Each structure stands twice: as C-alpha cells, then as structure tokens.
Amino acid sequence: MTTPPSTSPEPTAADASEATAPASLPSILELSRDKLTSTMLELGEKKFRADQLWRSIYHEAVSSFDDMSTLSKPFRKSLSEKYTISTVEQAMFLTSADGSTSKALYKLHDGELIETVLMRYETDGHRRNRKTACISTQAGCALGCTFCATGQQGFRRNLTVGEIVAQVIEMQRIAYAEDEAQMAEGKRTKGELQGVTNVVFMGMGEPLANYKNVMAAIRVLSDGQGLNIGARHITVSTVGLVPQILQLAKEELQINLAISLHAPDNTTRSQTMPINQRYPVEDLIRACHRYADATGRRIFFEYVLLKEQNDSVEQAQKLGRLLNGLHCHVNLIPVNPTKLGPFDRTDLGAAKEFQVGLKQYGIPSTVRMEKGIDINAGCGQLRERAIDILGA
Ligand code: SF4
C-alpha cells in the first residue's frame, strides 16, 4: 500500500530522495486486457489466470506480484522476472491543510516529472462521497496557455497507457487505505472499499493530443473487472482540438467532455490560448454542436476567470450568446495565480456577477473554487515548486 497522505503541506528534499532508481523491466500496465490474456496463454497459463492477474492489478491495486495470493508461487516468480507493475515513483506528496486534496509528483523512468491530484468530496445530500483522481497525459505541454504552469514549461513527451493508468492505481491505493482506516474507526461498513470514484483528464498535458493512449487508458479504467470507473464518471478535458473532438464523437463512449474555453471571442481567447489561432471559437463551437448531436451528451465548458481579462459582465453575456442552444454547463473557476503567469484571481463577488450575465441567456453555471491552493494543486505548479526546492 502507498504511504498514507502526509498532513504537512510543506515538501522537503528528503521526500524527493525516497524515489528509487527506475525499473528496467517493462511495465505490465502497458498490456491491454486482450494482450495480457494472449501473453499469459503464451506463457502456458490458463485464461482464468490472466483474469485473476487483471483483477489483482486493477481491482485490488496490489503493488507487488509477490502479494497476489490467488496466483501460484512459480507464476508470481515468473511474472516478477519479466515485468514490473508501475513505472511511476513517488517523488513528493502533499496534502492540503483541510485534508480535501492531495497532490503527488511522480518521477518516470526517464526522469520526467508529472503530477496527479486526489480530490475528496463529502456528500452534499444529492451526491455520495466522491474521490476524484486528476491525472496527467503528457510530460509538459506544447500548447502554451499563458495562465498555466505546465504550458510555461514546454512539451517533452506523451505518457504511455501504463503511465496514465498507473496514476489512477496509485490514487486507488491511497483511497483504499483511507477506506480501511474508516472501517477500523467504524465510520464505514466492513468490506466496503469505495476507492477512486471519478477520473478527470485535467492534469499536465492536452489529453486529445495524446489521443490513442488516452482512449486505450479509458478502456482500461472502465473495465468492470478492474478499476471499474464507469465512463460517465470519466471526464476528458481539451483546449479544443477540433479534429479530435469530431473523432471522439464517433467513439460511442459515454464519457464527459470538458472544453477549456476561457474567453467568449477570438481576440480575448488568442491572448491566453495560442491554440485559438488554429481552431477559432466559431469552429470549436460548431464541433461542440456536432459532438452533442452525435452523443446526446451535455458538454462542460471550463472558464478560468482572470481578473480584468475575461471576467466582465459584457463578456459573460457574449459567452451566453455563443453557447445559446447548446446542451452544456459552464464551470467558472477563479484562477490559481502561477509564479510565471501575469493574472490575478477574480474575487467571488465578480464571479457571481458573471454567473448572472450567463443566466440571462439560460446557460447554467457553477462557480468552482480550485481545491488545494496551499499545495499548488493547479496544473504544473507542484513540478515548478519541486524544481525550486530540489533543483530537479
Ligand atoms: S492548460 Fe492544458 S493545454 Fe493549456 S498549456 Fe496547460 S496543460 Fe497545456
């Protein structure tokens, strides 16, 4: 099991030095379910052994072949000689002062650093307790949004399927450990491990720029005998890569699509999101209509509020007109200021006024305060801080 979350929000160099040398064996997480089955058959095992292995890795989140008690000892030994399980190594782990958010910095086999966040939501009367893993899909990002710490660090490479899924497994181990602690305290029914309930592809990188691996990762995450995260509990976020949105519309997946819009017009959007020059707002919204028509799914628009940049009531009304007639919901997010970014946070009063402007056009919206501000939970901020502290 992963070390339980620290209660201290302060990272130390000692935390980072716990990371061990990269494994030289390939990760078994890179095998699709079909590939895992055919590989086990080639090794002379029966199909049900492959099913047991899949369940141990993804449902039980067992971290070592040695601990997979349903498998024979010789089979475990043979697996550990051929594969490792996870290729991500924890370099830093922080938990916010209120305990709602934890953020891990993981080191990959080639030294790249990626971030993963676990957000804990108490039941609000309508929805059950949730634990949402926010995962990265690329090391760095090429798209250069000016308000984003990752975008200011440049692109290095796409993550593999195994590296994407490994982040959820790591969070699953933490969530299971918390469930077990609650059982021991009598706060949860015995035997009832909830684990991670939702996954959002909103960490470092642009998910649709790593389309093939993200689609393969979604298939692994939603496998009913593994992590069993229902497609409706998975959200893929994009800055608006129009061809990939149209491709996604054909996948027949019930996932949620979130578009990072952040401005209602091309002039304002291009100032913070260079991708807008390739796919202007009109093309993006047209693709959203086609996506919504093809899937019947509501689209979520993420709108980071940047003080005196995109947060006026006039801009809210413009946004309302732009989205009119589209089955959608707008999430308004007062931005986490980054060390390098030029923008300040919109205050709550201005965010509420923005909401009123949207409502005039019948567009539903929610103001979402970012979680984990004290641990740099905004995308790319922990890596930035680790480099300061560790010279990583
Ligand atoms: S907001 Fe997303 S797409 Fe834009 S630079 Fe950051 S990671 Fe890349």
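Restricting to the stretch 291-307, give me the number of residues that are at negative phi, part of a loop (DSSP other than H, G, I, E, B) and open to solvent by less than 60 Å² (accessible area, probe 1.4 Å). Walk me through how you get there before you give the answer.
Our first condition is that a residue be at negative phi; within the stretch 291-307, this holds for 291-295, 297-307.
Next cut, part of a loop (DSSP other than H, G, I, E, B) only: 297-298, 307.
With the extra rule that they be open to solvent by less than 60 Å² (accessible area, probe 1.4 Å), the set shrinks to 297.
Result for the stretch 291-307: 1.
State whether the residues of the stretch 235-247 include one that is of a type in the set (Ser, Thr, Tyr) and in a helix (DSSP H, G or I).
Here is the first cut: in the stretch 235-247, the ones of a type in the set (Ser, Thr, Tyr) are 235, 237-238.
Pick out the ones that are also in a helix (DSSP H, G or I) and you get none.
Within the stretch 235-247, not a single residue is of a type in the set (Ser, Thr, Tyr) and in a helix (DSSP H, G or I).
Among the residues of the stretch 214-249, how many are crowded, with 19+ Cβ neighbours inside 10 Å, more than 18 Å from residue 301 (Cα to Cα) and over 14 Å from the mean Cα position of the chain (by Cα)?
Residues flagged as crowded, with 19+ Cβ neighbours inside 10 Å, more than 18 Å from residue 301 (Cα to Cα) and over 14 Å from the mean Cα position of the chain (by Cα) within the stretch 214-249 amount to 4.
Which one of these is farther than 20 Å from residue 227 by Cβ, modelled with pLDDT of 90 or more, among the charged types (D, E, K, R) and open to solvent by 30 Å² or more (accessible area, probe 1.4 Å): 35, 107?
None of the others qualify; the one that does is 107.
Of all residues in the stretch 171-188, how many are open to solvent by 20 Å² or more (accessible area, probe 1.4 Å) and either touching a residue at least 40 places away in the same chain (Cβ under 8 Å) or within 19 Å of residue 106 (Cβ to Cβ) (or both)? Give the steps one after another, and end with the answer.
At the first step, the residues of the stretch 171-188 found to be open to solvent by 20 Å² or more (accessible area, probe 1.4 Å) are 177-178, 180-188.
Still in the running and either touching a residue at least 40 places away in the same chain (Cβ under 8 Å) or within 19 Å of residue 106 (Cβ to Cβ) (or both): 177-178, 181.
Total meeting the criteria: 3.
Out of the residues in the stretch 1-23 meeting the condition of being touching a Ser or Thr at 6+ places or on another chain (Cβ under 8 Å) and either open to solvent by 60 Å² or more (accessible area, probe 1.4 Å) or modelled with pLDDT of 50 or more (or both), tell me which one is nearest to residue 95 (Cα to Cα).
7
I'm trying to understand the selection: among the residues of the stretch 123-146, which are within 19 Å of the chain's Cα centre (by Cα) and open to solvent by 30 Å² or more (accessible area, probe 1.4 Å)?
To start, the set of residues in the stretch 123-146 that are within 19 Å of the chain's Cα centre (by Cα) comprises 129-145.
Across the stretch 123-146, the qualifying residues are 129, 130, 142, 143.
For the stretch 194-246, how many residues meet the condition of being in contact (Cβ under 8 Å) with a residue 24 or more places away in the chain and touching a strand residue (DSSP E or B) at 6+ places or on another chain (Cβ under 8 Å)?
33
Which members of the stretch 338-377 meet the condition of being of a type in the set (Ser, Thr, Tyr) and modelled with pLDDT under 70?
In the first step, residues of the stretch 338-377 are kept if they are of a type in the set (Ser, Thr, Tyr); the result is 338, 346, 361, 365-366.
Once the filter is applied, which keeps residues that are of a type in the set (Ser, Thr, Tyr) and modelled with pLDDT under 70, the stretch 338-377 yields only 338.
Residues in the stretch 184-202: is at least one in contact with a Cys (Cβ under 9 Å, 6 or more places away or on another chain) and within 12 Å of the ligand (Cβ to nearest atom)?
Checked the stretch 184-202: at least one residue is in contact with a Cys (Cβ under 9 Å, 6 or more places away or on another chain) and within 12 Å of the ligand (Cβ to nearest atom).
Could you check how many residues of the stretch 248-279 are within 16 Å of the ligand (Cβ to nearest atom), touching a residue at least 12 places away in the same chain (Cβ under 8 Å) and not in a helix (DSSP H, G or I)?
9
List pairs: first residue in the stretch 141-170 and closer than 30 Å to residue 268 by Cβ, second residue open to solvent by 30 Å² or more (accessible area, probe 1.4 Å) and among the β-branched types (Val, Ile, Thr) anywhere in the structure, Cβ distance under 9 angstrom, at least six positions apart or on different chains.
152/146; 153/387
Any residue in the stretch 70-84 that is free of Cβ contacts under 8 Å to residues at least 12 places away in the same chain sitting within a Cβ distance under 7 Å of a residue that is of a type outside the set (Lys, Arg) and not in a loop (DSSP other than H, G, I, E, B)? List the pairs, counting only those 6 or more apart or interchain.
Pairs found: 76/65; 76/66.
Any idea which residue in the stretch 147-170 is farthest from the ligand (Cβ to nearest atom), counting only those that are open to solvent by 20 Å² or more (accessible area, probe 1.4 Å) and assigned to a loop (DSSP other than H, G, I, E, B)?
160
Which condition number in (1) away from the ligand (no atom under 16 Å from the Cβ); (2) part of a helix (DSSP H, G or I); (3) hydroxyl-bearing (Ser, Thr, Tyr) is the one that residue 211 fails?
The one condition residue 211 does not meet is (1).
The values are calculated or read from the model by the stated rules, or taken from the named source; none is laboratory data. Since the structure is predicted, the reported quantities are computational estimates derived from the model, not experimental observations. Here Cβ is always computed from backbone atoms with ideal geometry, including for glycine, and neighbour counts include all displayed protein chains. Heads up: the accessible areas ignore ligands, DNA and RNA and are worked out on the full protein's heavy atoms, side chains in. Shrake-Rupley method; radii C 1.70, N 1.55, O 1.52, S 1.80 Å.
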